[in-house]
Amino acid sequence: MNFPSVDFSWLGNGTVIAIIAIAHVLISHGVAIGTSVLTVSLEYRAFKTNNQKLDGLAKNIAKWILIITTTVGAMTGVGIWFSTTVIQPDSIGSLLRI
């Protein structure tokens with residue numbers, strides 16, 4: 001079966017996938033892990049010093065971690081599969097079958 005494909009000759013097919021994948025790794029993994037450590041550190045410091053402002057800051061950061069990683073991280077994760085399917089449908093089809 002011949003699937004239609006798209007060619008990004010002006011940028012390069014691999015570059016398109018790489019841009020989406022790098023954004024996914026930075027947002028989904030970097031933000032989630034890095035700011036989670038920051039939030040835990042802030043919570044620990046707020047507990048030790050009984051600082052309510054610091055505790056509120058940690059809760060606010062945790063809210064934004066959840067929103068950013070679950071929305072943007074999920075969209076870029078799906079974007080990786082979508083872009084590889086559009087660029088090389090036969091390769092992804094065989095990968096999924098195997």
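Rundown of residues vs (1) among the hydrophobic types (A, V, I, L, M, F, W, C); (2) exposed (fewer than 12 other Cβ atoms within 10 Å of the Cβ), yes/no style:
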{"position": "V31", "(1), (2)": "yes, no"}
{"position": "F47", "(1), (2)": "yes, no"}
{"position": "G56", "(1), (2)": "no, no"}
{"position": "A62", "(1), (2)": "yes, no"}
{"position": "T76", "(1), (2)": "no, no"}
{"position": "T84", "(1), (2)": "no, no"}
{"position": "I98", "(1), (2)": "yes, yes"}
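Any idea which of (1) hydrophobic (A, V, I, L, M, F, W, C); (2) in a helix (DSSP H, G or I); (3) touching a residue at least 60 places away in the same chain (Cβ under 8 Å) is the one I22 doesn't satisfy?
I22 satisfies all of (1) hydrophobic (A, V, I, L, M, F, W, C); (2) in a helix (DSSP H, G or I); (3) touching a residue at least 60 places away in the same chain (Cβ under 8 Å) except (3).
When you check S5 against the structure, is it within 30 Å of R97 (Cβ to Cβ), of a type outside the set (D, E) and open to solvent by less than 40 Å² (accessible area, probe 1.4 Å), yes or no? Step through it out loud before you land on a result.
Working: within 30 Å of R97 (Cβ to Cβ): yes; of a type outside the set (D, E): yes; open to solvent by less than 40 Å² (accessible area, probe 1.4 Å): no.
Against the criterion (within 30 Å of R97 (Cβ to Cβ), of a type outside the set (D, E) and open to solvent by less than 40 Å² (accessible area, probe 1.4 Å)), S5 does not qualify.
Which pairs turn up if I take residues in segment 51-64 that are more than 20 Å from A32 (Cα to Cα) and look for partners that are of a type in the set (K, R) and in a helix (DSSP H, G or I) with beta carbon separation below 9 Å, at least 6 apart in sequence or on another chain?
Matching pairs, first to second residue: N51/R45.
What number of residues in segment 1-46 are closer than 30 Å to D90 by Cβ and of a type in the set (A, V, I, L, M)?
In the first step, residues of segment 1-46 are kept if they are closer than 30 Å to D90 by Cβ; the result is 1-29.
Of the ones still in play, those that are also of a type in the set (A, V, I, L, M) are 1, 6, 11, 16-23, 25-27.
Counting residues in segment 1-46 that are closer than 30 Å to D90 by Cβ and of a type in the set (A, V, I, L, M) gives 14.
Can you tell me which of I80, I19, I92, I27 is open to solvent by 50 Å² or more (accessible area, probe 1.4 Å) and among the aliphatic types (A, V, I, L, M)?
Details: I80 fails: open to solvent by 50 Å² or more (accessible area, probe 1.4 Å); I92 fails: open to solvent by 50 Å² or more (accessible area, probe 1.4 Å); I27 fails: open to solvent by 50 Å² or more (accessible area, probe 1.4 Å).
Going through I80, I19, I92, I27 in turn, the sole match is I19.
Which of the residues that make up segment 7-52 are under 24 Å from the mean Cα position of the chain (by Cα), modelled with pLDDT under 90 and hydrophobic (A, V, I, L, M, F, W, C)?
F8, L11, V16, I17, I27, V31, A32, I33
The values are calculated or read from the model by the stated rules, or taken from the named source; none is laboratory data. Since this is a predicted model, take the numbers as computed values, not measurements. Neighbour counts are summed over all protein chains in view; Cβ atoms, including those assigned to glycine, are modelled from backbone coordinates with ideal geometry. Accessible surface is based on the protein model in full, side chains and every heavy atom, while ligands, DNA and RNA are left aside. Shrake-Rupley method; radii C 1.70, N 1.55, O 1.52, S 1.80 Å.
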